[in-house]
Amino acid sequence: MSGRVLLDTNIVIALFAGEAAVEKRLSQTDAVFLPSIVLGELYFGARKSGKAEVNLTRIEDFAVSNSVLTCDSETAKAYGLIKGILQAKGRPVPENDIWIAAIAQQHHLTLVTRDTHFDQIDDLNIETW
């Protein structure tokens, strides 16, 4: 059983696609959180899709039924630290994902993702669903 998790975009998309394994794991968590960055990525993708209105409604319903975490000054501090360490290592990670990792660290959450580049970030608890 998972504890408190933060969902990455690819996990929400898998959930929307009806992946039974993701649905099962989600039902076994204690608390689920969404970073506002993930919502932005989902809204962007929905607007580009052939079913924009349906997808936008689905995202809005999902956001309302889950806790959304936004960035603040503490998130910014974590972001700056993570980005500096990654730069020193010569290991770039997409900007949005640095923000997502910063939120996970700030709130002591396990990040649920399928992106392996998160492995480059120190002190980040990750689960792959």
(request) Residues being buried (at least 17 other Cβ atoms within 10 Å of the Cβ) and in contact with a helix residue (DSSP H, G or I) (Cβ under 7 Å, 6 or more places away or on another chain): count how many of those fall in the stretch 96-109. (result) 9
(request) Go through the stretch 8-25 and give me each residue that's of a type in the set (D, E, K, R) and either surrounded by fewer than 19 Cβ atoms within 10 Å (Cβ to Cβ) or assigned to a helix (DSSP H, G or I) (or both). (result) E19, E23, K24, R25
(message) Quick check on A46: is it surrounded by 13 or more Cβ atoms within 10 Å (Cβ to Cβ) and either touching a Pro at 6+ places or on another chain (Cβ under 8 Å) or at pLDDT 95 or above (or both)?
(response) yes
(message) I need a count of the residues in the stretch 56-72 that are in a helix (DSSP H, G or I) and either without any contact (Cβ under 8 Å) to a residue 24 or more places away in the chain or within 20 Å of D122 (Cβ to Cβ) (or both).
(response) 6
(message) Criterion first (at pLDDT 95 or above, loosely packed, with under 13 Cβ neighbours inside 10 Å and assigned to a helix (DSSP H, G or I)) does T75 satisfy it?
(response) no
(message) Under 9 Å between Cβ atoms, which residue pairs at least 6 apart in sequence (or on different chains) link something in the stretch 27-52 that is in contact (Cβ under 8 Å) with a residue 24 or more places away in the chain with a partner that is hydrophobic (A, V, I, L, M, F, W, C) and loosely packed, with under 11 Cβ neighbours inside 10 Å?
(response) Q28/M1; T29/M1; D30/M1
(message) Can you list residue pairs whose Cβ atoms sit under 6 Å apart, with the first residue in the stretch 83-106 being assigned to a helix (DSSP H, G or I) and the second being hydroxyl-bearing (S, T, Y)? Count only pairs 6 or more apart in sequence or on different chains.
(response) I98/Y79; W99/Y79; A102/T75; A102/Y79; I103/T75; Q106/T75
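The values are calculated or read from the model by the stated rules, or taken from the named source; none is laboratory data. From a predicted model like this one, the values you see are computed outputs, not experimental measurements. Quick reminder, even Gly has a Cβ in these numbers, built from the backbone with ideal geometry, and neighbours come from all protein chains shown.
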